[in-house]
Each structure stands twice: as C-alpha cells, then as structure tokens.
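Following: one structure in structure tokens, then a few remarks.
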Amino acid sequence: MALTGAAWDVYLIYPPGVAWRSDALPAPAFWTHQLPESGGADPSLRLDPESLAQTVGSMVDLHS
C-alpha cells in the first residue's frame, strides 16, 4: 500500500488464522478502498462490492 495520506473506507481482508505478531500490520491477502488517487490510492483497487463479496466468500469456503 503506497498511500501518502490518511486512509478511511479501507477494507483489509485476511484469511482465518493470520497472526498479528507485532505492532506492524501484516500484509492483507486482499484490500480495497474508496480513496482518491491524489492520496496515492491505486484506482484498480477501488471498491467493487461484488469483487469484495467474492473474495471474502472464497476465503470462507476454503477454510470451512
């Protein structure tokens, strides 16, 4: 994530079992946002609700 400013409306998706072992944020398996490009946000990762639902659904299915 190459953001240059504050982030809001950011969705970080982790598969079950990811351990947060330090103060550093682990890299998410998937992330999406509703941020402006001017803040360094990648426009290709802009929130697409269907894509988010499919990604979360596939992670849940893999670990059930």
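The values are calculated or read from the model by the stated rules, or taken from the named source; none is laboratory data. Owing to the predicted nature of the structure, the values given are computational and were not obtained by experimental measurement. Note that we place each Cβ from the backbone using ideal geometry, even for glycine, and neighbour counts take in every protein chain shown.
Odds and ends about this structure:
- Within segment 25-41, considering residues that are in a loop (DSSP other than H, G, I, E, B) and touching a residue at least 24 places away in the same chain (Cβ under 8 Å), the one nearest to His63 (Cα to Cα): Ala29
- Pair list, Cβ < 9 Å and 6+ apart or interchain, from segment 42-64 residues that are closer than 13 Å to Pro15 by Cα and surrounded by 10 or more Cβ atoms within 10 Å (Cβ to Cβ) to residues that are of a type in the set (S, T, N, Q) and modelled with pLDDT under 90: none
- Close pairs (8 angstrom Cβ cut-off, 6 or more residues apart or separate chains): touching a residue at least 24 places away in the same chain (Cβ under 8 Å) and within 23 Å of Arg46 (Cα to Cα) in segment 8-24, surrounded by 10 or more Cβ atoms within 10 Å (Cβ to Cβ) and small (Gly, Ala, Ser) anywhere: Ile13/Ala29; Pro15/Ala29
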